[in-house]
């Protein structure tokens, strides 16, 4: 896909890479499926970088607007799934 990931220019290079990895994992959940543990692990790292709900919602909304992929629904499904599950989302 050809779009830019939402990032904050105040983040370090490592933080930008980790946030992009989070959004790429959301994409993979829609395109191929992703292990629940991997999804929740990258989400935990995302929350270390973006601890506030308002900023999280803003970034995830911007991502959904350009990609069509819902981070919220993907994480919700991951949290509700059993250990070892593969998370596959429907567009």
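Where a number appears in this text, it was derived from the coordinates with a stated rule and is not lab data. Just so we're clear, the structure is a prediction, and the values are computed from it rather than from any experiment. A quick note on method: Cβ atoms are made from the backbone with ideal geometry, for glycine too, and the neighbour counts reach across all protein chains shown.
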Residue within segment 47-57 that is free of Cβ contacts under 8 Å to residues at least 12 places away in the same chain and under 15 Å from residue 90 (Cβ atoms) present: no
Residue list for segment 17-35, restricted to those being under 12 Å from the mean Cα position of the chain (by Cα) and closer than 11 Å to residue 88 by Cβ: 28, 29, 30, 34
